[in-house]
Amino acid sequence: QGTRDHPPAHVALRDRLLAAVVACFKRHGAAAIDTPVLELRETLMGKYGEDTKLIYELQDQGGELLALRYDLTVPFARYLAMNKITNMKRYHVAKVYRRDNPATTRGRYREFYQCDFDIAGQFDPMIPDAECLKIVHEILSDLQLGDFLIKVNDRRILNGVFAVCGIPESKFITTCATVDKLDKMPWEEVRSEMVGEKGLSPETADHIGEYVQLHGGLDLIERLLQDPKLSQNKLAKEGLGDMKLLFEYLTLFGITGKISFDLSLARGLDYYTGVIFEAVLLQQENDHVEEPVSVGSVAGGGRYDGLVGMFDPKGRKVPCVGVSIGIERIFSILEQRVKASGEKVRTAETQVLVATPQKHLLAERLKLISKLWDAGIKAEMLYKKDPKLLKQLQYCEDMGIPLAAIVGEQELTDGVIKLRDVATREEVRM
């Protein structure tokens, strides 16, 4: 099926992760929006390149052809156009649907959460783009997932490379989709797909290979700005100029250590127009490995200046840049870690269990627990008239409840409650 049931421990872990991500989005001043799960089929078609085939379509529903949303970006663009909004900073956390070949062990499902942050509006170049990269850096640092790398490129630079290598513009998008496979396939396989399936000449493919295997930082940007061919291409020159500016801002944010300008990064979606980026987790297999191993993409995004205009009757454009955090992939990694460490995940947030040591005290438990709930304290009790004290304390240990409020005959006589710290077994009368 490619979807899964989520047991309490998984949901608790996910909620904590989502809370950390949302806290970061709010820190950057974003407002939350929500869009429907169902969109008109025509809204989604033709926006995702080769991945259009993964859209879940619903047959004729009384004259309308509908589809389940594939991501949160296209619905956001439609929302901006419909409501004539030209300026917005938003976040959206919701499920999306893809008729993909699932690989549940690698966190790849047909129904999964996306966490998106987007900045829409006409601003000076690269300032919002730099903030999106800062957000990815903050979230991946906060979650302490280990070493990571954020790859950055620009669609204009890529298109410039394709142009100087002699690829006709009609083949830019399909060539882009092939280049995008470089993180999963070696260059030899990508090259043979270009020649065999995409119909490029071997010389053209080799020429592209000289560029798309480059990665570095400001030094590489400077070098490409001096490149005799690329510097003659208007698009590439524009892209490289902005990339230089972006790296200056990222230096001011102090995060360039985790950023790599990588010409192999293409991102397969049709709607990107400028800067594109993707974050990967790096896994050091052992100390002898020179190159760290990538565990796959956990965040991605970029600039899509033409998408809103597609939905506006007058074609009015709203420049946008955004990022999506692949929370499901991150869950998979954390779940495996929790399993390996054998630690228990608290599935409820109960702070105190109301307990009684003797029989016939149910009324006292009910009165006390009601007071606690009314005071906003997270409390539980066992649903038995006369439970044994040992059973109640055992429940605290099993569920990770830190405190037990014990009210017995003696406590009632003295007008106190005995508060027990479950872990240390210390007791205080209050």
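Overall, the accessible surface of the chain at a probe of 1.4 angstrom is composed of carbon and sulfur to the extent of 52 percent.
Using a cutoff of 8 angstrom between alpha carbon atoms and counting only pairs six or more residues apart, the relative contact order for segment 8-341 works out to 23 percent. Across the options 101, 327, 52, the greatest Cα extent toward the positive end of the charge dipole of the chain (unit charges at beta carbon of Lys, Arg, Asp, Glu) belongs to 327. Here the Gaussian network model covers the chain, with springs between Cα atoms less than 10 Å apart; of 321, 338, 416, 416 fluctuates the most. For residue 172 and residue 201, the difference between the fully extended length at 0.36 nm per residue and the C-alpha to C-alpha distance is 9.0 nm. For semi-axes √(5λ) of the Cα gyration tensor in Å, computed directly from the structure shown, the correct entry in (i) 42, 25, 19; (ii) 52, 24, 21; (iii) 46, 27, 20 is (ii). Of all lysines in the structure, those lying under 30 Å Cα to Cα from residue 384, and not within fewer than 8 positions of it along the same chain, are 344, 359, 367, 371, 418. Its Cα centre serving as origin, the chain has a Cβ charge dipole (Lys and Arg +1, Asp and Glu -1) of approximately 1420 debye.
A Förster distance of 41 Å, applied to the separation of the beta-carbon atoms of residue 82 and residue 399, puts the FRET efficiency at 0.30.
Given a 1.4 Å probe and the protein chains as shown, residue 4 ends up with an accessible area of around 80 Å². Full extension of the chain between residue 41 and residue 253 gives 72.2 nm of extra length, using 0.36 nm per residue less the Cα-Cα distance. With a Förster radius of 41 Å applied to the C-beta separation of residue 53 and residue 19, the computed FRET efficiency comes to 0.75. Each of 122, 428, 40 was placed along the dipole of the chain (beta-carbon charges, centred on the mean Cα), and the one lying farthest toward the positive end is 428. Across all directions, the average flat footprint of the convex hull enclosing the Cα atoms of segment 352-429 is 4.8 nm².
Of 134, 171, 384, the residue with the greatest mean-square motion in the GNM of the chain, using alpha carbon springs below 10 Å, is 384. DSSP beta bridges fully contained in segment 352-429 are about 55 percent antiparallel.
Looking at the chain, the DSSP beta bridges with both ends there are about 80 percent antiparallel. Of all the options 135, 221, 401, the one that moves most in a Gaussian network model of the chain with Cα springs shorter than 10 angstrom is 401. Shape class for segment 94-173, computed from the alpha carbon gyration tensor (a ≥ b ≥ c): oblate, with a/c not under 1.5 and a/b at or below b/c.
The charge dipole of segment 81-139, taken about its Cα centre with unit charges on the Cβ atoms of Lys, Arg (+1), Asp and Glu (-1) only, comes to about 420 debye. Computed with a 1.4 Å probe over protein heavy atoms only, the accessible surface of the chain comes to 50 Å² per residue.
Suppose R0 equals 60 Å; then what is the FRET efficiency for residue 297 and residue 413 from their Cβ-Cβ distance, rounded to the nearest 0.05? It comes to 0.40. Each residue of segment 61-73 was assigned a 3J(HN,Hα) from its phi angle through the Karplus expression (A = 6.51, B = -1.76, C = 1.60, θ = phi - 60°), giving 9, x, x, 10, 9, 10, 8, 7, 4, 8, 8, 9, 7 Hz with x at Gly and Pro.
The values are calculated or read from the model by the stated rules, or taken from the named source; none is laboratory data. Everything numeric in this text was worked out from a predicted model, so none of it was measured. A quick note on method: Cβ atoms are made from the backbone with ideal geometry, for glycine too, and the neighbour counts reach across all protein chains shown. Quick note on the areas: whole protein, heavy atoms, side chains included, nothing else; ligands and nucleic acids left out. Shrake-Rupley method; radii C 1.70, N 1.55, O 1.52, S 1.80 Å.
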